[in-house]
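Single-structure report; data block below.
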Amino acid sequence: MTHALALPTHLSAGSLDAYIASVSSAPALTVEQERELAARLRDNNDLEAARTLVLSHMRYVIHIARSYSGYGLALPDLIQEGSIGLMKAVKRFDPDMGVRLVSYAVHWIKSEIHEYVIKNWRIVKIATTKAQRKLFFNLRKHKKNLAWLNENEADAIANDLGVDKSAVYEMEKRLSNFDMAFDGHQDDNTESDEVVYTPASFVTNEEHDPASVVETHNEKAHNSTQLRIALANLDERSRAILSERWLSEKKSTLHQLADKYQVSAERIRQLEKNAMNKVKQELLEFNPA
C-alpha cells in the first residue's frame with residue numbers, strides 16, 4: 001500500500017500538478033461505502049480496501065499539506081508525510097466508532113507533517129517539548145505584527161495556549177534566529193574585502209580537532225611501543241633502575257637504589273646514564289630524523 005501511493009521523486013511543477021489532479025479525481029465515498037471498506041480491512045486485512053480508503057482521502061492530505069507551505073519546505077515532501085499519517089489512520093480506524101474517517105485521520109495527518117516540519121525546518125531542532133511544539137505552530141499566527149511581543153501580548157498568548165510566558169519569549173527568540181554555516185562563505189558577487197565572521201572564526205583551540213586528536217593518539221601509541229621495545233633490550237638491572245627512577249609513580253632516589261643493589265650511589269648514576277643513552281639511541285634508530 002505504501003509504495004503504491006508514494007509520490008514520484010524529483011517531481012517537477014507539472015508532474016506534481018498531474019499527481020494532485022490524479023488523486024483529487026478519486027471519487028468520494030459514502031458513509032456506507034466507507035464503513036464497508038473499513039470493515040473489510042479490519043476483518044479480512046483487505047489491502048485493496050485500504051488502498052481505496054487512502055486514495056479517496058488524499059485530497060484532504062493535499063489540502064492540509066498546503067496549509068504548511070509557509071515553512072519553506074517542498075510541498076511534495078509535505079504531501080508524502082501527510083500520506084503516511086493517513087495510512088496510519090486507515091490502519092487504526094474502527095468503522096464502529098460512529099465517526100467519518102476524515103475526522104479521525106486529520107490528527108494523524110497533521111501529526112506526521114508536524115514531525116517532519118520540526119525536524120527539517122532548522123538544522124538545530126527548535127521544538128522538543130509538547131509546549132514548544134504548540135508554540136512553534138501557533139505563535140506566528142497569534143502575533144499581531146512583526147515586532148517583538150510586548151508583555152500583554154505574551155500574557156495573552158500564554159493564556160490562550162496554556163503555556164508559561166517564559167516559553168513564549170523563548171520560542172519567539174528561536175523563531176527569529178536563523179541557521180548559520182559553521183565555516184560560512186564570502187559573497188562572490190561583491191568586491192568587498194570585509195572579513196566574514198562565522199562560528200569557525202572564533203575557534204582558535206585546535207585541541208579537539210579530530211585530525212589532531214587522531215594524530216596525537218597515534219604518535220603517543222607509537223612512542224610507547226618503541227619505548228617498551230627499547231626497555232626490553234636492556235639488562236634486567238638497568239631496566240629496573242630506569243623504571244624505578246622515571247616510570248614508577250613513586251620514584252626512587254639514587255641512595256635508595258644503591259642500598260637495594262648493594263653498590264654506591266655513583267654506580268647507580270652511571271648505570272642509569274648508560275641505560276638512558278641506549279634507550280635514546282634505539283629510539284633514534286626507530287625514528288630517524
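For residue 166, which of the numbered conditions (1) modelled with pLDDT of 70 or more; (2) polar (S, T, N, Q); (3) over 30 Å from the mean Cα position of the chain (by Cα) fails to hold?
(3)
Where residues in region 82-99 are of a type outside the set (Gly, Ala, Ser) and under 13 Å from residue 54 (Cα atoms), which of them is surrounded by the most Cβ atoms within 10 Å (Cβ to Cβ)? Show your work before the answer.
Going through region 82-99, the residues of a type outside the set (Gly, Ala, Ser) turn out to be 84, 86-88, 90-97, 99.
Within this subset, residues satisfying the condition of being under 13 Å from residue 54 (Cα atoms) are 84, 86-88, 90-93.
Details: 84: 21, 86: 26, 87: 22, 88: 16, 90: 23, 91: 14, 92: 11, 93: 21.
So the residue we want is 86.
Give the residue that is farthest from residue 226 (Cα to Cα), with candidates limited to residues of region 277-289 that are out of contact with any helix residue (DSSP H, G or I) (no Cβ under 7 Å at 6 or more places or on another chain) and at pLDDT 85 or above.
Residue satisfying both the conditions and the ranking: 277.
Tell me whether region 246-255 contains one or more residues that are free of Cβ contacts under 8 Å to residues at least 12 places away in the same chain, in contact with an Asp or Glu (Cβ under 9 Å, 6 or more places away or on another chain), in the same structural domain as residue 224 (by TED's automatic domain parsing) and surrounded by 14 or more Cβ atoms within 10 Å (Cβ to Cβ).
Yes - at least one qualifying residue is present in region 246-255.
Let me confirm something: among 26, 4, which residue is modelled with pLDDT under 95 and farther than 26 Å from residue 117 by Cα?
26
Output the residues belonging to region 258-273 that are surrounded by 14 or more Cβ atoms within 10 Å (Cβ to Cβ) and within 58 Å of the chain's Cα centre (by Cα).
Across region 258-273, the qualifying residue is only 272.
Would you say residue 65 is in contact with a Pro (Cβ under 6 Å, 6 or more places away or on another chain) and either over 19 Å from residue 113 (Cα atoms) or in the same structural domain as residue 108 (by TED's automatic domain parsing) (or both)?
Values: in contact with a Pro (Cβ under 6 Å, 6 or more places away or on another chain): no; either over 19 Å from residue 113 (Cα atoms) or in the same structural domain as residue 108 (by TED's automatic domain parsing) (or both): yes.
Considered against the rule, which asks whether it is in contact with a Pro (Cβ under 6 Å, 6 or more places away or on another chain) and either over 19 Å from residue 113 (Cα atoms) or in the same structural domain as residue 108 (by TED's automatic domain parsing) (or both), residue 65 comes out as no.
Condition first: more than 22 Å from the chain's Cα centre (by Cα) and surrounded by 12 or more Cβ atoms within 10 Å (Cβ to Cβ). Can you find one or more residues in region 114-125 that meet it? Reasoning before the result, please.
Here is the first cut: in region 114-125, the residues more than 22 Å from the chain's Cα centre (by Cα) are none.
No.
Taking residue 266, is it closer than 30 Å to residue 221 by Cβ and either in a helix (DSSP H, G or I) or not assigned by TED's automatic domain parsing to the domain that holds residue 220 (or both)? So that I can check it myself, show each step before the final result.
On the way: closer than 30 Å to residue 221 by Cβ: no; either in a helix (DSSP H, G or I) or not assigned by TED's automatic domain parsing to the domain that holds residue 220 (or both): yes.
No: the conditions fail for residue 266.
Looking at the structure I just gave you, is residue 238 in contact (Cβ under 8 Å) with a residue 24 or more places away in the chain and under 25 Å from residue 221 (Cα atoms)?
Details: in contact (Cβ under 8 Å) with a residue 24 or more places away in the chain: yes; under 25 Å from residue 221 (Cα atoms): yes.
When the stated conditions are applied, residue 238 passes them.
When you check residue 68 against the structure, is it crowded, with 16+ Cβ neighbours inside 10 Å and modelled with pLDDT under 90, yes or no?
Working: crowded, with 16+ Cβ neighbours inside 10 Å: yes; modelled with pLDDT under 90: yes.
Yes, satisfied.
The values are calculated or read from the model by the stated rules, or taken from the named source; none is laboratory data. A quick note: this is a predicted structure, and the numbers were derived from the prediction, not measured. Counting neighbours? That spans all protein chains shown, and the Cβs are built from the backbone with ideal geometry, glycine included.
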